[in-house]
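Asker: This is the structure, below, for whatever I ask next.
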Amino acid sequence: YYRNFENLTFAHTGWKKAYENGELRWQGNEQILPANSSYGSVPHNIPIPAALQASFSNYINVTNCIFKHTGGAGLVLSGTTKNNTISGNVFYDIADSSMYIGYNNKGYKFKASNTKITNNVITDTGKKYYTASALTVYGAGSTYISHNDISDCPYTGIHIGPLMWSNEFTSDSTADHD
């Protein structure tokens, strides 16, 4: 509860697992593990690691931070994270997506909700994984996305949708003035 990350730089993270176990594909870049892996008898997507990750956390505030030179994503808020704010940050030279909100592929009945993503600069994402969206929201509820400057991404600017192989849908979310 109540974690504030302000005026910090998250940089130079590495990640090579995509080459060792599974692959990144599909829209929005997901790591797909084959059937009969440790995740079960059907293919599963698992979260891309990030420079900053939080799961099952509430009231996470990330403001005026810099995310740069990452080997995976910039920020991941997964599971039942609630009431989070991501505002005034700069994301650039990101191998994957700047952020993933809502990853939940373990059968939990609850999902990320009430996340505000505003006034961020997101550029040069998908530098290594070309099907990454600049900003990705999977299976989350009540996500508000507004006034973000998104540029120079090889795929979609904002991807809002369900998780693959899951009944977790995104609901009551808004993206405006981006």
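The values are calculated or read from the model by the stated rules, or taken from the named source; none is laboratory data. All figures in this text were calculated on a predicted structure; none of them were measured in a lab. Here the Cβ is made from the backbone with ideal geometry for all residues, glycine too, and neighbour counts use every protein chain on show. Accessible surface is based on the protein model in full, side chains and every heavy atom, while ligands, DNA and RNA are left aside. Shrake-Rupley method; radii C 1.70, N 1.55, O 1.52, S 1.80 Å.
Asker: Give the stretch 28-84 a look and list any residue that's at pLDDT below 95, assigned to a loop (DSSP other than H, G, I, E, B) and closer than 15 Å to SER98 by Cβ, or say none.
Answerer: Answer for the stretch 28-84, where residues must be at pLDDT below 95, assigned to a loop (DSSP other than H, G, I, E, B) and closer than 15 Å to SER98 by Cβ: GLY28, ASN29, PRO47, ILE48, PRO49, GLY71, GLY72.
Asker: Further question on the same structure: Could we say that SER78 is of a type in the set (Gly, Ala, Ser) and open to solvent by less than 30 Å² (accessible area, probe 1.4 Å) here?
Answerer: Answer is yes for this residue.
Asker: Counting just the residues of the stretch 128-170 that are in a loop (DSSP other than H, G, I, E, B), under 13 Å from MET99 (Cβ atoms) and open to solvent by less than 30 Å² (accessible area, probe 1.4 Å), which one comes out modelled with the lowest pLDDT?
Answerer: Looking at residues that are in a loop (DSSP other than H, G, I, E, B), under 13 Å from MET99 (Cβ atoms) and open to solvent by less than 30 Å² (accessible area, probe 1.4 Å), I get ALA140.
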